[in-house]
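Novice: After the structure tokens below, expect a handful of questions from me.
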Amino acid sequence: MLDLVLLSRLQFGLTTVYHFFFVPLTIGLTVMVALMESIYAKNGNEDYRKMAKFWGKLLLINFAMGVVTGIVQEFQFGMNWSGYSRYVGDIFGAPLAIEALFAFFLESTFLGIWIFGWDKLKPAMHAACMWIVAVASSVSAFWILLANSFMQNPVGYTLNNGRAEMESFMALLTNEHLWYQYPHVITGAWATAGFFVLGISAINLLKGHDKAFFQKSMKIAAVFALIGSLLVAGVGHAQGQHLGDEQPMKMAAAEALWETEDPAPLALVAIIDEEKGENTFEIALPNMLSVMMHNSFEGEVRGIHELQAEMVAEHGEGNYIPPVTVCFWAFRVMVGAGGLMILFALAAMVLNRSGKLANNRLLLKLLGLGIALPYLANTGGWILAEMGRQPWIVYGLQTVYEGVSKSVSAPEVLISLIGFALVYTVLAVVDVYLLAKNGVKDIHDLDVDAHDLDVKGV
């Protein structure tokens, strides 16, 4: 028998994960392109003008894909999650409206001016347009994450007639969860853009394309990749400690910690039996989970069983344990990919500064493959963030079952899920084709007119 809740979750998960492929690259790449063009505006070096145009073209492809997939996602709140929309629409709708009416319109308007203003604006003014796009992209992310942070840690509301209504907009703005989550996402976006430029440049160097141009691109990208990777790791550590207090069940699931322990070991790998509520096998580092959560070799970390009992006492009978296996491995994918990102970015920066990177074919190949690392880290992180909150859609207030649209049948959701999967597969193929066509090529003379920035084939 088809499960309506499961299918609705799969559909929203598909659209969300696919949409977020494009979001961090847009946020990070706008900053990099703006920086490249600003260098050109300051010293008149044509190489940086060409860099802004080349990487700007790839930015446009990514931005277009992000817009298409983002629109679909917003429709699902009304279609598949009407219970949720009715319950928190008064709160959730406000930041989404601000994002659409202010940040997104600002972003789109100035991106259009940037595309068609190459020969009409002074270099400094033209670079300023991309800086506005970069700021607007980051502000847009802020409002989206404000809405998500309410789902993770509901604040500033009052319950009235079976609905959560906004009581304090300032409480939403000062939500502690937001100020851990937002810098985590932004620094992750910088790392994503850095690795994207590093990887594309590496592929071009392997093919013998324009050595000087792509070495300069890699010089900027390596700095972005390393700074972004280090910052996202640091912020992520702080966020994990915060979640230990805010959502202890999520962190217990991420570590597959079934029993409360002091000191608590950190499981590197584990075979998890969710039915029995235990790990049948694990390799763990003694005391290291206490170190991670408390910065000390001693410190209690509460386990899943104790937290389940607390949830039952507070909210009534039910299963409040998220999918432990998924959360455990999603966390390790995120951390593992993040660790490799730091190593790759450091190696790229050191070898590029010494002039040895262009001839190191092994590292160039690894950097080409390394484009995937921030996407793995981002996806793993969001899977943990959302699935680790289960069964809640709004933590402690509304369950996923209560939020799903009961008027939509399971077969209807299944049909639309298949449809979305097919459409998104086609879009993925088109996206890779356009990026490969426009990103892996000889530069030659890139002194093109503004109309040449219209991506052919879109």
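Taken together, the values in this text are just the output of simple stated rules run on the coordinates, not laboratory data. In this text, all values refer to a predicted model and were calculated from it rather than measured experimentally. A quick note on method: Cβ atoms are made from the backbone with ideal geometry, for glycine too, and the neighbour counts reach across all protein chains shown.
Novice: If neighbour count is taken as other Cβ atoms inside 10 Å, put 129, 327 in order from fewest to most. Write out the running numbers ahead of the final one.
Specialist: Numbers: 129 20, 327 28.
Listed from fewest to most nearby Cβ atoms, that is 129, 327.
Novice: With respect to the cross-link table entries 53/216; 50/356; 122/216; 122/441; 50/216; 42/356, which display a Cα-Cα separation exceeding 19 Å? Before the final figure, lay out the partial values.
Specialist: Values: 53/216 14 Å; 50/356 24 Å; 122/216 24 Å; 122/441 28 Å; 50/216 11 Å; 42/356 29 Å.
Table pairs above 19 Å Cα-Cα are 50/356; 122/216; 122/441; 42/356.
Novice: Per 10 Å bin, what is the whole-percent P(r) computed from every C-alpha pair distance within region 1-150?
Specialist: Reading upward from the zero bin: 11, 36, 27, 16, 8, 2, 0.
Novice: What number do you get for the chain when its Cα radius of gyration is normalised by 2.2 N^0.38 Å, N = residues?
Specialist: Details: Rg = 23.2 Å, N = 458, 2.2 N^0.38 = 22.6 Å.
So the Cα radius of gyration is 1.03 times the expected 2.2 N^0.38 Å.
Novice: Let me ask something else. Viscosity 1.567 mPa s, temperature 4 °C: Stokes-Einstein D of region 132-234 from its Kirkwood Cα radius, in µm² per second?
Specialist: Working: Rh = 16.1 Å.
Once the numbers are plugged in, D ends up at 81 µm²/s.
Novice: Which residue, 110, 7, 232, has the largest displacement toward the positive end of the dipole of the chain when charges sit on each Cβ (Lys, Arg +1; Asp, Glu -1)?
Specialist: Looking along the dipole axis, the top candidate is 110.
Novice: I'd like the Kirkwood hydrodynamic radius of region 360-450, using the inverse of the mean 1/r over distinct C-alpha pairs, in Å.
Specialist: Values: mean 1/r = 0.0556 Å⁻¹.
Every distinct Cα pair counted, the radius reaches 18.0 Å.
Novice: Mind checking which helices in the chain clear 15 Å along their axis (Cα) and have mean Kyte-Doolittle hydropathy of -1.0 or more, DSSP H runs only? Mind dumping the intermediate values first?
Specialist: Details: long enough: 4-20 (24 Å, 1.05); 23-43 (31 Å, 1.14); 46-79 (50 Å, 0.35); 82-98 (22 Å, 0.49); 105-116 (17 Å, 1.56); 123-152 (43 Å, 1.29); 178-206 (41 Å, 1.04); 211-246 (50 Å, 0.52); 304-315 (16 Å, -0.20); 324-353 (44 Å, 1.70); 372-387 (22 Å, 0.68); 410-439 (42 Å, 1.54).
Helices passing the filter in the chain: 4-20, 23-43, 46-79, 82-98, 105-116, 123-152, 178-206, 211-246, 304-315, 324-353, 372-387, 410-439.
Novice: Per 0.36 nm of contour for each residue apart, how much would the distance between residue 262 and residue 215 grow if the chain were fully extended, relative to their Cα-Cα spacing?
Specialist: Numbers: separation 47, 0.36 × 47 = 16.92 nm, distance 5.04 nm.
Full extension from residue 262 to residue 215 adds 11.9 nm.
Novice: Under 5 Å between amide hydrogens, which residues at least 5 positions from residue 398 or on another chain qualify, with H placed 1.01 Å from N in the peptide plane?
Specialist: 393
Novice: Further question on the same structure: Quick check: convex hull of the Cα atoms in region 294-386, volume per residue, rounded to a whole Å³?
Specialist: Values: hull volume 12.4 nm³, N = 93.
Per-residue hull volume (Cα only) is 133 Å³.
Novice: Still on this structure: Once both labels are modelled 7 Å past Cα along the beta-carbon direction, what's the residue 174-residue 285 spacing in nm?
Specialist: 3.7
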